[in-house]
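Engineer: One structure, pasted below without further comment.
The values are calculated or read from the model by the stated rules, or taken from the named source; none is laboratory data. If you're wondering where the values come from, they're calculated on a predicted model, not measured in any experiment. A quick note on method: Cβ atoms are made from the backbone with ideal geometry, for glycine too, and the neighbour counts reach across all protein chains shown. Remember, those area values only see protein heavy atoms, side chains included, never the ligands or the DNA or RNA. Shrake-Rupley method; radii C 1.70, N 1.55, O 1.52, S 1.80 Å.
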Amino acid sequence: MKTPKERRGKNPRIGGISKSTSSSNPDNRSNKKSETGFRRDRATVNRLNMYKSGGKIIRNEDGRVIQNAPFQSSVKSGEVARVEPNRRWFGNTRVIDQTQLTQFRESVANLKKDPYQVIMRQSKLPMSLLVDPRHTAQTHLLDTQPFENTFGGKAQRKRPSLAVSDVADMVAQAEAKSGAYDSSKDHDLNKTVEPDYRKEGRDKIFTKGQSRRIWNELYKVLDASDIIIQVLDARDPMGTRSAHIEKFLKKEKPHKHLVFVLNKCDLIPTWVTAKWVAYLSREYPTLAFHASITNSFGKGALISLLRQFGKLHSDKKQISVGFIGYPNVGKSSIINTLKADNVCKVAPVPGETKVWQYVTLMRRIYLVDCPGVVYPTGDSETDIVLKGVVRVEMLKDPTDYIAEVLRRVKPEYISRTYRVEDWSPEDPTDFLEKVAKRTGKLHKGGEPDIGTAAKMVLHDWQRGRIPYFVPPPAEASEAVGDAPVTDSAMPRVKQHLSKINVTSEFDDEGGHLEDSGDEDLEFEGEGDEDDEDEDDDEEEAEADGDAMETSEPTKTKKKTAAAAAGRKTAAKNGKAAAKKEDEDE
């Protein structure tokens, strides 16, 4: 008969501690390196056993679990789980009082509201402390009533308050109400009275830019972009803003940067551009821009701003810049201007861009083009047409929208554009007849074709041939020359708005750039904008784009680079010749 020591085996376990000298024994107390070499803790032994067993549980023939998988054991019902005491649980902690916590909340909240301030490394800041639990806590039932009185057999439920005490009183009350009922005063009845007229349903062409497919494309661009550039029409900046998207970005994606680009600034006076830029800069960084491959404005400032954002996101290999906005505001034209090539298909009509597309600007900067999106804001059909959302050739009766054009534009501008005189602003038909006769749009027998004339006027409106702009607010005059400048990570950018080549002719309607306080409007960004800097930016963008782009023909790239180099050489030669003439004089 075996003794208890012999039954315990070669490595006896005394008092729950194994005396084995194996390296897989966490209870090994041997200090001799010749026997085990080193000691392993219990966590290491469990991990090695998991590798050895394959991380699987062991079952018997009936399918019951005999041994759990490593790190997946459970505690029996009724037992109290115990956490291993470790000093690391109490390390890296700091206790602050309520005053310091309130001060931290206010300071960081102000930084998050400032569009010119960027909070870097938010993951290393206790951003969860910004949320005050008193304002976000939900009302729980157990906070007002104890558990014993709410659930279980001893639950105390409140008796509902009824206006009657028994069934007889309820029947008497119902009969009294039935006798006093008057059907003529019942507004809930479905009265089948046909109205004299019924409002006609809106045509589908006025819902362009609102389909689910377009919105899916928009959210793709918002998710894939680190910087969102909202392109606005300089003639009507507030009308082409999308407050819904701005609210969505501020609530759901506060880590993304939003920038305004005021495109088509060559169609309005310079002093109007200065006031709009100063007014919009109060909310977000704003740039004035004129999209043109040959004669652009704001290209150097925008590239410098994108470079600065690239420096802020130095931890990323590349950054993506998404362009969003209303249809026909010039999103694809801005991308073509930055690339100095026709990389995106453009047209002076809305809805040319169908899907989002990536374009390489530099090695670390990618541009994302997006279709035009219109948020339903309750605009009338006339407002939708004049915002350029609908194509003119798809309108059933274009003459219905000419009256609003004549109301918005000054009569002298209309007369100067179409060279017609003595027409009545209150009668759009008279104006269209004179325009049709002036341009030769006639039917058989010399009858004026007012429908074709109306389409021509609407085409000119959408393409900026008719001088028009929405005047800036009154408070914008106080903001000119007083752009928001803060101690942020982004240096200043200076835009010389006086260099904008305004193509439309305007009268002196209310101000000049010189009268507004400062000719050079400053805001957050980087670098100065001049011809030489734009040439350098264009050359680098082309070189970087040529290195990354593979879909363009090689001959076109060489011609574009050669043209850029020729323009840069000509500019330097011109400056050198002018300097030499000054020295001779």
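Engineer: Residue pairs, Cβ under 9 Å, 6 or more apart or interchain, first in region 394-405 and of a type in the set (Val, Ile, Thr), second outside any helix (DSSP H, G or I). List them.
Structural biologist: Every condition considered, the pairs that remain are Val405/Ile466; Val405/Tyr468.
Engineer: Here is a follow-up. Which of (1) open to solvent by 20 Å² or more (accessible area, probe 1.4 Å); (2) more than 19 Å from the chain's Cα centre (by Cα); (3) among the hydrophobic types (A, V, I, L, M, F, W, C) is the odd one out, the single condition Ala278 does not satisfy?
Structural biologist: Unmet for Ala278, out of (1) open to solvent by 20 Å² or more (accessible area, probe 1.4 Å); (2) more than 19 Å from the chain's Cα centre (by Cα); (3) among the hydrophobic types (A, V, I, L, M, F, W, C): (1).
Engineer: Tell me yes or no: at least one residue of region 291-303 is touching a strand residue (DSSP E or B) at 6+ places or on another chain (Cβ under 7 Å), farther than 21 Å from Thr377 by Cα, open to solvent by 10 Å² or more (accessible area, probe 1.4 Å) and in a loop (DSSP other than H, G, I, E, B). Break it down into steps so the answer makes sense when it comes.
Structural biologist: Start the filter on region 291-303 by keeping residues that are touching a strand residue (DSSP E or B) at 6+ places or on another chain (Cβ under 7 Å), which leaves 291, 296-298, 301-302.
If we keep only those that are farther than 21 Å from Thr377 by Cα as well, we get 291, 296-298, 301-302.
In the following step, the residues that additionally are open to solvent by 10 Å² or more (accessible area, probe 1.4 Å) were identified as 291, 296-297.
Narrowing further to those that are in a loop (DSSP other than H, G, I, E, B): 291, 296.
Checked against the condition, which is being touching a strand residue (DSSP E or B) at 6+ places or on another chain (Cβ under 7 Å), farther than 21 Å from Thr377 by Cα, open to solvent by 10 Å² or more (accessible area, probe 1.4 Å) and in a loop (DSSP other than H, G, I, E, B), region 291-303 yields at least one hit.
Engineer: Right, another one. Please work out which residue is nearest to Arg202 (Cα to Cα), limiting yourself to region 403-414 and to residues that are open to solvent by less than 20 Å² (accessible area, probe 1.4 Å), touching a Phe, Trp or Tyr at 6+ places or on another chain (Cβ under 7 Å) and part of a helix (DSSP H, G or I). Talk me through it step by step, then tell me what you get.
Structural biologist: Within region 403-414, the first condition is being open to solvent by less than 20 Å² (accessible area, probe 1.4 Å), and the residues that meet it are 405-406, 409, 413-414.
Cutting the leftovers down to touching a Phe, Trp or Tyr at 6+ places or on another chain (Cβ under 7 Å) gives us 405-406, 409.
Those still in the list that are part of a helix (DSSP H, G or I) too: 405-406.
Values: Val405: 21, Leu406: 24 Å.
My answer is Val405.
Engineer: Hey, among the residues in region 441-468 that are in a loop (DSSP other than H, G, I, E, B) and under 26 Å from Thr503 (Cα atoms), which one's most open to solvent (accessible area, probe 1.4 Å)? Break it down into steps so the answer makes sense when it comes.
Structural biologist: Kept after step one, since they are in a loop (DSSP other than H, G, I, E, B), are these residues of region 441-468: 441, 443-447, 449, 463-468.
Filter once more, so that each one left must be under 26 Å from Thr503 (Cα atoms): 463-468.
Numbers: Arg463: 96, Gly464: 8, Arg465: 138, Ile466: 5, Pro467: 12, Tyr468: 36 Å².
It comes out as Arg465.
Engineer: I need a count of the residues in region 171-200 that are among the polar types (S, T, N, Q) and at pLDDT below 70.
Structural biologist: 2
Engineer: Let me ask another. Name, by its number, the condition in (1) in a helix (DSSP H, G or I); (2) open to solvent by 50 Å² or more (accessible area, probe 1.4 Å); (3) without any contact (Cβ under 8 Å) to a residue 40 or more places away in the chain that does not hold for Gly378.
Structural biologist: Tallying (1) in a helix (DSSP H, G or I); (2) open to solvent by 50 Å² or more (accessible area, probe 1.4 Å); (3) without any contact (Cβ under 8 Å) to a residue 40 or more places away in the chain, Gly378 fails exactly one: (1).
Engineer: I would also like to ask the following. Could you figure out which of (1) at pLDDT below 85; (2) exposed (fewer than 12 other Cβ atoms within 10 Å of the Cβ) isn't true of Asp203?
Structural biologist: (2)
Engineer: Can you pull out the residues in region 348-366 that are open to solvent by 40 Å² or more (accessible area, probe 1.4 Å) and either among the acidic types (Asp, Glu) or assigned to a loop (DSSP other than H, G, I, E, B) (or both)?
Structural biologist: Passing the criteria: Pro348, Glu352, Lys354, Val355, Trp356, Arg363, Arg364.
Engineer: Same structure again: Report whether or not Ile303 is in contact (Cβ under 8 Å) with a residue 12 or more places away in the chain and within 28 Å of Ile450 (Cβ to Cβ). Walk me through it before giving the result.
Structural biologist: Working: in contact (Cβ under 8 Å) with a residue 12 or more places away in the chain: yes; within 28 Å of Ile450 (Cβ to Cβ): no.
Criteria not met by Ile303.
Engineer: Follow-up. Only one residue in Pro133, Pro115, Pro126, Pro70 is touching a Phe, Trp or Tyr at 6+ places or on another chain (Cβ under 6 Å) and at pLDDT below 80. Which one?
Structural biologist: Answer to the selection: Pro115.
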